[in-house]
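In what follows, a structure is listed as structure tokens, so that the remarks can point back to it.
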Amino acid sequence: MVATVSDPSISPDGTQVVYSVSTPDIEQDRNSSDIWIAATDGSGERRLTGRKGESASTPRFSPDGSYVAFLSSRGGKDDAPDRLWLLPMAGGEAMPIEGMKGSVSDYAWAPDGRSIVLVVTDPKPEPVGATDEEKTRPRPIVIDRYWYKEDNTGFLDNRRSRLFHYDLRNKTARRLTDGDFDERLPAFSPDGSHIAFVSNRQDDPDRTTNTDIFVARVAALGATPRQLTTFKGADSPTSPPAWSPDGRRIAYVRSGEPETIWYGVSPLAVVDAEGGPPTILTGELDRNIFSPVWTENSRAVRFIVEDDGKEYLAQVPASGGEITRLAEGEYVLASPSAVAKGRMALLRTSSFAPAEVYAFADGRFTQLSRRNDSWLKDLEFGSVRKSSFASADGTRISGFVYIPIGHREGQRHATVLNLHGGPTAQFNYGWDAEILWQLAAGYVVLAPNPRGSTGRGEQFALGIDAAWGSVDVADVLAAVDHAVAEGIADPDRLGVSGWSYGGMLTNYVIASDTRFKAAVSGASISNVITGFGHDQYLREYIAELGAPWENLQGWLRVSYPFFENQRIKTPTLFLVGKEDVNVPTIASEQMYQALRHRGIDTQLVIYPGEFHTIRRPSFYRDRMERWNAWLNRFLKN
């Protein structure tokens, strides 16, 4: 049973790390998350929370280390809002902060520990009616927003996520800023006088993915914040602005140019806290960077780099200069904490080990959490190696080849071409449960990174801009040809599978090549026109393809697995969550019906109550077992 470890946060004195551990609760058929703590010398770990049926997440130490704060809805019903809880490290029960309405989704401690800034979603409107029946009666869904759907939420209402400054002594909360906008990712300045945060304050925020960094004065609660960045794309879209310890500068990740949408490379930027033009520190790197943190002397910034199957830790001088690789290997690093007394905490995973918390200091790692050791010790997985090969047009493509246990020289195996989602993502040296399920079933698994993938630079990713199912099909078919030529893949027992864009690419592949004996297409779309106005990607569709009535041929070109489905001969299993807003159920229904109409062996499985990611433990297991059973039916019989 895999334990998912996340959210490492180091103590101010650098001696301890708190983190979240999520595990499946088989009895209740849900995932449950608890807070754990470990010493940075590797001497041991222990659980801090553990109420049955209740989850806790997002732990962070207070500045003096005397409390650990976390988010939880404990004590409430299943749909109860999350509250912020404070757990005294000297002993005693955790207590929630009082006086807040709405659900807390994020927070940051003030440097003196006397206050906290909270991200709070407006509370649900009070039920209307004189009787209980009237109060629970369904109401019409009224939509007046341009962007009105989001996965894991469904239809969006007009509630906002706002910043509140909470005084722990007086137990009072006041709105930090003015205006009717969503605000998130707050970070206190080192002297506690200002809070930086991220918001989209355009005239019509629904029409753009722009975000900027704003700075608000704590002494002027409720005032209009100062806008610090003005880039027309997204500034600091996924991680908080990082103040330098001396308070003079802020480091952040900036998106690529808006016209490159998700294909653009995200560099590291630094801006003066008082304002002015930003400095791009990784402009020549042509790789995405994540999660910047400062060194304690404010002279350098550390960050994660995504690079051709790796994600490593690097550092660059704050004034610009040479980028130094601090930790790199056949593993993936993520979620680095702030540096405290020369140490930092982060997550590290490898192909055959799920993510665990490690301390990093003086160029060395110390493993702190061991949530998966007990069940991993008795398992064998086989082997994995990096591969490189030429696509049809000569472009070099890389990826990974997984070889099952017991492989002998010259032996050919039934082989599955596994395709990643995104498309702007990459297979890497990290844990991938889906691939390992296929590997355990005895398959060779091919995991290529075709054009459209990240980790190889902006132009490589842009290779499928408005051209889905083109060169990426050639690239992944080249992975199969290479494995057959190497003598490890049986050309008569080939399967293909993927989820999200991986499912889309599966559809493109089987509409382009009939050699595959089985396919599994998860949460995919082929009639892309169906997605317009129905899924959550309206802004991205307009940016990449234009409106269907303005570029009908372009939309049809990327929809060929549906409109030319007569090309498909491969038996195909379709899987999807019933509430999926990312790639809605209708897309899988249409492909299933098209193949069923034509007499192709097919099946459609819909998971009630699930969004794009299948989370319920029993459904997740069912998905994986059906996936392999379908492949086994056609590749092993």
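The values are calculated or read from the model by the stated rules, or taken from the named source; none is laboratory data. In this text the structure is predicted, and so the values were computed from the model without any measurement. When we count neighbours, we look across all protein chains shown, and the Cβ atoms used for this are built from the backbone with ideal geometry, even at glycine. In case anyone asks, the SASA skips ligands and DNA or RNA and just uses the protein heavy atoms, side chains included. Shrake-Rupley method; radii C 1.70, N 1.55, O 1.52, S 1.80 Å.
Could you work out the relative contact order of the range 395-505, using alpha carbon pairs under 8 angstrom and six or more residues apart, expressed as a whole percent? Reported relative contact order: 39 percent.
Taking every protein chain into account, the 1.4 Å probe leaves K377 with about 150 Å² of accessible area, to the nearest ten. Taking amide H atoms as placed 1.01 Å from N in the peptide plane, the amide H of A338 lies under 5 Å from those of I10, each 5 or more residues away in sequence or on another chain.
Helical runs (DSSP H, four residues minimum) scored at -39500 (n - 2.57) apiece and divided by the length of the chain put the mean residue ellipticity at 222 nm at -4000 deg cm²/dmol.
Grab the beta carbon distance between R207 and T15, set R0 = 56 Å, and tell me the FRET efficiency rounded to 0.05. In this case the efficiency is close to 0.70. Per the Debye formula on identical point scatterers at the alpha carbon atoms of the chain, with no solvent, log10 I(q)/I(0) at q = 0.06, 0.07, 0.12 Å⁻¹ is -0.34, -0.47, -1.46. For the chain, the relative contact order works out to 9 percent when only alpha carbon pairs closer than 8 Å and six or more residues apart are counted.
On C-alpha positions alone, give me the angle between the axis of helix 471-486 and the longest principal axis of the chain, in degrees, nearest 10. For helix 471-486, the angle is close to 60 degrees. The C-alpha atoms of the chain define a longest principal axis, and helix 617-635 lies at about 20 degrees to it.
The trypsin sites (Lys or Arg not before Pro) of the range 21-55 that meet both conditions, a loop assignment by DSSP and at most 14 other Cβ atoms within 10 Å of the site Cβ, are R51, K52. In sequence order, the range 91-96 has phi-based couplings of x, x, 7, 6, 10, x Hz under the Karplus curve 6.51 cos²θ - 1.76 cosθ + 1.60, θ = phi - 60°, and Gly or Pro positions carry x.
Put simply, the Cα atoms of the range 355-401 extend 46, 32, 12 Å along their principal axes, the longest span coming first. What does the C-alpha gyration tensor say about the overall shape of the range 1-110? Classify as rounded when a/c is under 1.5, otherwise prolate if a/b is larger than b/c, or oblate. Oblate, since a/c reaches 1.5 and b/c is not below a/b.
Under the rule a/c < 1.5 gives rounded, and otherwise a/b versus b/c splits prolate from oblate, where does the range 208-330 land using the Cα gyration tensor? Here the range 208-330 falls in the oblate category.
Note on the range 519-576 and the range 579-637: Cα centroid distance 17 Å, given to the nearest whole angstrom. Converting phi to 3J(HN,Hα) with the Karplus coefficients 6.51, -1.76 and 1.60 and the offset θ = phi - 60°, the range 108-115 yields 8, 6, 6, x, 8, x, 8, 8 Hz in sequence order, with x at every glycine or proline. Remark on R162: its backbone amide H falls under 5 Å from those of V120, T121, D122, E183, a criterion applied only to residues 5 or more positions apart or on other chains, H modelled at 1.01 Å from N.
Judged by the mean number of other Cβ atoms found within 10 Å, the most tightly packed of the peptides 234-244, 403-413, 540-550 leads the ranking 234-244, 540-550, 403-413. Per-peptide packing, taken as the mean over residues of other Cβ atoms within 10 Å, places 331-341, 256-266, 311-321 in the sequence 331-341, 256-266, 311-321 from highest down.
Helix 501-510 axis versus longest C-alpha principal axis of the chain: approximately 10°, rounded to the nearest ten. Phi-derived couplings, Karplus 6.51 cos²θ - 1.76 cosθ + 1.60 at θ = phi - 60°, listed residue by residue for the range 11-27: 6, x, 8, x, 9, 9, 9, 9, 7, 9, 10, 9, 9, x, 9, 5, 5 Hz, with x used for Gly and Pro.
Take every Cα pair under 8 Å whose residues are at least 6 apart in sequence, average their separation, divide by the length of the range 140-239, and the relative contact order is 22 percent.
Averaged per residue, the range 9-144 has 54 square angstrom of accessible surface, using a 1.4 angstrom probe with ligands and nucleic acids left out.
Counting charges near R456 (Lys, Arg +1; Asp, Glu -1) among other residues having Cβ under 10 Å from its Cβ returns a value of -2.
For the peptides 476-482, 15-21, the ranking by mean Cβ contacts within 10 Å, running from highest to lowest, is 15-21, 476-482. Could you work out the local net charge near L635, counting Lys and Arg as +1, Asp and Glu as -1, over the other residues with Cβ closer than 10 Å to its Cβ? Result for the neighbourhood of L635: +2. In this structure, the amide hydrogen of S383, modeled 1.01 Å from its nitrogen in the peptide plane, lies closer than 5 angstrom to those of I403, counting only residues at least 5 positions away or on a different chain.
Expressed as a whole percent, the accessible area of the range 104-194 that falls on carbon and sulfur atoms is 51 (1.4 Å probe). Rounded, prolate or oblate for the range 148-297? Axes are the square roots of the Cα gyration tensor eigenvalues, ordered a ≥ b ≥ c, and the cut-off for rounded is a/c under 1.5. Verdict is oblate for the range 148-297.
Electrostatic bookkeeping for L545 treats Lys and Arg as +1 and Asp and Glu as -1; over the other residues with beta carbon under 12 Å from its beta carbon, the sum is -2. When the GluC sites (Glu not before Pro) in the range 1-74 are filtered for DSSP coil states and for at most 14 other beta-carbon atoms within 10 Å of their beta-carbon, the remaining sites are E27.
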